[in-house]
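First the structure, in the form of structure tokens, and then the observations on it.
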Amino acid sequence: MASLTFSTLPTSITIKKPLFSKTSSHLNQSHRFKVSCNAAANNNDKTVKNSETPKLILPFEMQNVDRRNVLLGLGVGGLYSAANLTTNIPSAFGIPITAPDNISDCVTASSNLRNSADAVRGLACCPPVSTDKPKDYVLPTNPVTRIRPAAQRATSDYVAKYQQAIQAMKDLPDDHPHSWKQQGKIHCAYCNGGYSQGQTGHPELQLQIHNSWLFFPFHRWYLYFYEKILGKLINDPSFAIPFWNWDNPTGMVLPGMFEDNGRNNPLFDPFRDATHLPPTIFDIEYAGKDTGASCIDQIGINLPSMYRQMITNASDTTSFFGGEFVAGDDPLNKQFNVAGSIEAGVHTAAHRWVGNPRMANGEDMGNFYSAGYDPLFYVHHANVDRMWKIWKDVDRKGHKDPTAGDWLNASYVFYDENENLVRVYNRDCVDVRKMGYDYERSEIPWIRSRPIAHAKGANVAAKSVGIVQKVEDVIFPLKLNKIVKVLVKRPATNRTKEDKEKQNELLFVNGIEFDGERFVKFNVFVNDVDDGVETTAASSEFAGSFAQLPHNHGDKMLMRSGVAFGITELLEDIEAEGDESILVTLVPKTGCDELTISEITVKLVPVV
Ligand code: C2O
């Protein structure tokens, strides 16, 4: 039986319990993580202390694990000791994305937000000008290790310190590179067309750090300096930002320290969805509408959803990181801009769930131009960053960082904690320990939450022949203004274990064109039968979803993207490994009226 090993732990933790237990239904999961959502409702005490975070009551064994508050072990050799990633590796295909040396080349984010007149955060996102050229950043050799705590377990002392640091940031003059405003603007500049690719010979193209393999490394560096600046402001180099532990049932609500405490809490942001405060459980599959699922049911959906994003749909580098993006690629017009599983999944869902839908542009978290103004943004992204680390720690073939020079040498420019302009490279951010930080340990119950099948061996595809169109007969581009069903042929059937180890079977939905200024989401199912029961993310038949936050992107609104879903395990679960075709169902959830798709295909992709 397969087991998972966490290779960076001092004594390696092997989850001996078989991962693929057929008995672990989502119902069992709900029971195992039975929580009480009542505590928060009774919490009238708004003093800032640890208990402000609503207590989710867990069964005995979980409480024990969580209370231990164990830190990840120190002094462990990095996963990358063999590869010398600090030398220049020649680019394999082209020129890596390079943020401009001259930051005054930055332009105001294009003003055609759907509701630019009501853009409460403003579109002037450029950093304070500097006459210096950025110097290549060198990681400190013996840094104090900063341990990022889980927000729901933070002590009152910690919260007080964190508030003090954020307040100090907010007290700086707006034009100071460390100010809260300037930190917020960084996101807008790198996402909303502030920078071009002029440094690499393409001044006509925008630089974009979403929807590609730049997503994880860019945000890691962004948080790195943000954290060090906060530490500097309170004179504590060991200060670490918390992480919003949404992948664990104890952390699936908006962390209490971010709520309005009636005393000018600097962590509070007025531009949030006021209906999503504790005890409401975060919906990892959020599509813009509350589902009304009970607390327990929502957890029963969230855990397998995490399993899917971290395991099933993250079985290779591209699926997890997203597609390649190099100099000369047009983020507005690239055929296959592909976001990784976490970026497209829980990452986008949380932005949308936290932002205020009543605001013209979903401010703050619901739109990239404004997201960096909410202190919760960095705490959300800390957990996104933690997912990158955990994904690599999961002992599975295929869980590897990109090795192409175009990725390793891609670079961004930031003001560091000493106000120096520095250039940082992807290759220097692959090991969090070398960057001087790590995460407080928190259980990852989703790793035992493999989805379960609705129906097994039901010959769904064969029974649909003659009723449902075959993909080769479909006229593309295909409109997704209603539910679409299509039969797709598989490249191979009854694959052996060895074969599966060598190649992953992926379902691609490519050439997705949509309005980039709308929140867009559709779900994808494989062999889902209409039995009147709504299939959720807890079921194997749910392959995954495609979701995009609105972008403000210059004069074009049309965006292109693609998405891939791992179906090797899915087909095992539903006992369809011998079927020649699969029945693919695409269900539009929001913003899809004008969305079109140009390709649906199943391919075998080598595991490297
Ligand atoms: Cu740069 Cu969560 O987005």
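The values are calculated or read from the model by the stated rules, or taken from the named source; none is laboratory data. Small disclaimer: the values here were computed from a predicted structure and weren't measured. Cβ coordinates were reconstructed from backbone atoms using ideal geometry, including for glycine residues, and neighbour counts include every protein chain displayed. Accessible surface is based on the protein model in full, side chains and every heavy atom, while ligands, DNA and RNA are left aside. Shrake-Rupley method; radii C 1.70, N 1.55, O 1.52, S 1.80 Å.
The condition of being farther than 24 Å from L604 by Cβ and either open to solvent by 10 Å² or more (accessible area, probe 1.4 Å) or of a type in the set (A, V, I, L, M, F, W, C) (or both) holds for V326.
Which residues, counting only those in region 207-263, are open to solvent by less than 10 Å² (accessible area, probe 1.4 Å) and small (G, A, S)? Across region 207-263, the qualifying residues are S212, G231, A240, G251, G256.
T155 passes every criterion in (1) closer than 26 Å to S370 by Cβ; (2) open to solvent by 40 Å² or more (accessible area, probe 1.4 Å) apart from (1).
Just to check your reading of the model, which residue among G231, G201, G194 is more than 26 Å from I284 (Cα to Cα) and out of contact with any helix residue (DSSP H, G or I) (no Cβ under 9 Å at 6 or more places or on another chain)?
Details: G231 fails: out of contact with any helix residue (DSSP H, G or I) (no Cβ under 9 Å at 6 or more places or on another chain); G194 fails: out of contact with any helix residue (DSSP H, G or I) (no Cβ under 9 Å at 6 or more places or on another chain).
Testing whether each residue is more than 26 Å from I284 (Cα to Cα) and out of contact with any helix residue (DSSP H, G or I) (no Cβ under 9 Å at 6 or more places or on another chain) leaves just G201.
Taking the conditions (1) of a type outside the set (A, V, I, L, M, F, W, C); (2) in contact with a strand residue (DSSP E or B) (Cβ under 8 Å, 6 or more places away or on another chain); (3) in a loop (DSSP other than H, G, I, E, B) in turn, E575 satisfies each one other than (2). Listed by position, the strands (runs of 3 or more DSSP E) enclosed by region 368-486 that each have at least 1 residues that are within 30 Å of V120 (Cα to Cα) and within 16 Å of the ligand (Cβ to nearest atom) are 411-415.
Within region 493-504, residues that are more than 15 Å from V608 (Cβ to Cβ) and open to solvent by less than 70 Å² (accessible area, probe 1.4 Å) have Cβ atoms under 6 Å from residues that are of a type outside the set (D, E, K, R) and not in a helix (DSSP H, G or I) in these pairs: T493/G578, counting only partners at least 6 apart in sequence or on another chain. Exactly one residue among V486, V529 is at pLDDT 95 or above and surrounded by 13 or more Cβ atoms within 10 Å (Cβ to Cβ), and that residue is V486. With respect to the numbered conditions (1) more than 12 Å from the chain's Cα centre (by Cα); (2) under 25 Å from S540 (Cα atoms), which one is the sole condition not fulfilled by L332? Every listed condition holds for L332 apart from (2).
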